[in-house]
Amino acid sequence: MANSCLQLGGFLLSFLGWLGIVIATSTTDWVNICKYGLNTCKKMDELEARGPWAHCVISTGLYHCVSLTQILDLPAYIQTTRALMITGSILGFPAVVMLLMSMPCISLGNEPQSSKNKRAILGGVLIIIAAICGLVSTIWFPIGAHREHGLMSFGFSLYSGWVGTIFSLLGGSIVTCSSDSSTSHSYQENNHFYYSKQGGSNLPAASSTNHAKSAHV
């Protein structure tokens, strides 16, 4: 029962974490760039929002974005962020599906529990890899933006990426550890049954041999 609750909690955390990573990947409000301070730039309507895909100008009644289409001319931190966030979003989908299909309440025919545990471990490892991709991106991007543009503040997309990364790391770790312990426990139970069965089968043979010797004497 405890393992079932841990697996369900790990799945929910992994799913929410993957959604956070997808939201961060698909939006552009990663950092807000300003040369004079955030409040001053808001009053002067000179606030800019930057992300891996576009640069946006934020002013009163205006939100204009310019897509970053010249891939080869982009800084290395933007190109790396794009690659890692796309990788994390893609890896998260099969990971979430594997975790869902390995839940105790879902059964695929006469599939043994050991197969479900192995699938859960694989899904947990994939979601952890996706979380690492998001972690590197959400840390490297604001550092690169600060070095290139100076003063800035964090945007909604960056917070979404951080929350998604933390949830994915926790969920993947919980599912992997709980499934691994469940697999070891079932293996020990199978071995115990095997030895007890063999011991029970040897007892009648030994007693019949002793009975034959006594009859012969």
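List the pairs whose first member sits in the stretch 80-97 and is in contact (Cβ under 8 Å) with a residue 24 or more places away in the chain, whose second member is surrounded by fewer than 21 Cβ atoms within 10 Å (Cβ to Cβ) and not in a helix (DSSP H, G or I), and whose Cβ atoms are under 8 Å apart, counting only residues at least 6 apart or on separate chains?
Pairs that qualify, where the first residue is in contact (Cβ under 8 Å) with a residue 24 or more places away in the chain and the partner is surrounded by fewer than 21 Cβ atoms within 10 Å (Cβ to Cβ) and not in a helix (DSSP H, G or I), are R82/W53.
What are the residues in the stretch 60-101 that are part of a loop (DSSP other than H, G, I, E, B), open to solvent by 70 Å² or more (accessible area, probe 1.4 Å) and touching an Asp or Glu at 6+ places or on another chain (Cβ under 9 Å), if any?
Listed by number, the list holds a single entry, T60.
Of all residues in the stretch 129-144, which are surrounded by fewer than 22 Cβ atoms within 10 Å (Cβ to Cβ) and out of contact with any Pro (no Cβ under 7 Å at 6 or more places or on another chain)?
I129, I132, L135, V136, I139, W140, P142, I143
Considering only the stretch 34-45, I want to know if a residue exists there that is at pLDDT 75 or above and either open to solvent by less than 60 Å² (accessible area, probe 1.4 Å) or over 14 Å from the mean Cα position of the chain (by Cα) (or both).
Yes, the conditions are met somewhere in the stretch 34-45.
Looking only at the stretch 23-32, how many residues end up being buried (at least 21 other Cβ atoms within 10 Å of the Cβ) and under 11 Å from G161 (Cβ atoms)?
Matching residues across the stretch 23-32 total 3.
I'd like the full set of residues that are open to solvent by less than 70 Å² (accessible area, probe 1.4 Å) and closer than 14 Å to S173 by Cβ, limited to the stretch 2-20.
Correct list: Q7, G9, G10, F11, L13, S14, G17.
Got a number for residues in the stretch 102-125 being at pLDDT 90 or above and either among the basic types (K, R) or open to solvent by 30 Å² or more (accessible area, probe 1.4 Å) (or both)?
Adding up the residues that qualify gives 3.
When you go through (1) in contact with a helix residue (DSSP H, G or I) (Cβ under 8 Å, 6 or more places away or on another chain); (2) loosely packed, with under 15 Cβ neighbours inside 10 Å; (3) touching a residue at least 12 places away in the same chain (Cβ under 8 Å); (4) of a type outside the set (S, T, Y) one by one for G150, which number turns out not to apply?
(1)
Kindly indicate the residue of the stretch 153-171 that is more than 16 Å from W18 (Cα to Cα) and of a type in the set (G, A, S) and also surrounded by the fewest Cβ atoms within 10 Å (Cβ to Cβ) among those meeting that condition.
Step by step, filter the stretch 153-171, then rank; the result is S153.
The values are calculated or read from the model by the stated rules, or taken from the named source; none is laboratory data. Since the model is a prediction, treat every value here as computed from it, not as a measurement. FYI the Cβ positions are ideal-geometry reconstructions off the backbone, even for glycines, and counts take in every protein chain you see. The protein model used for the area step is the full one, side chains on, heavy atoms only, and it has no ligands, DNA or RNA in it. Shrake-Rupley method; radii C 1.70, N 1.55, O 1.52, S 1.80 Å.
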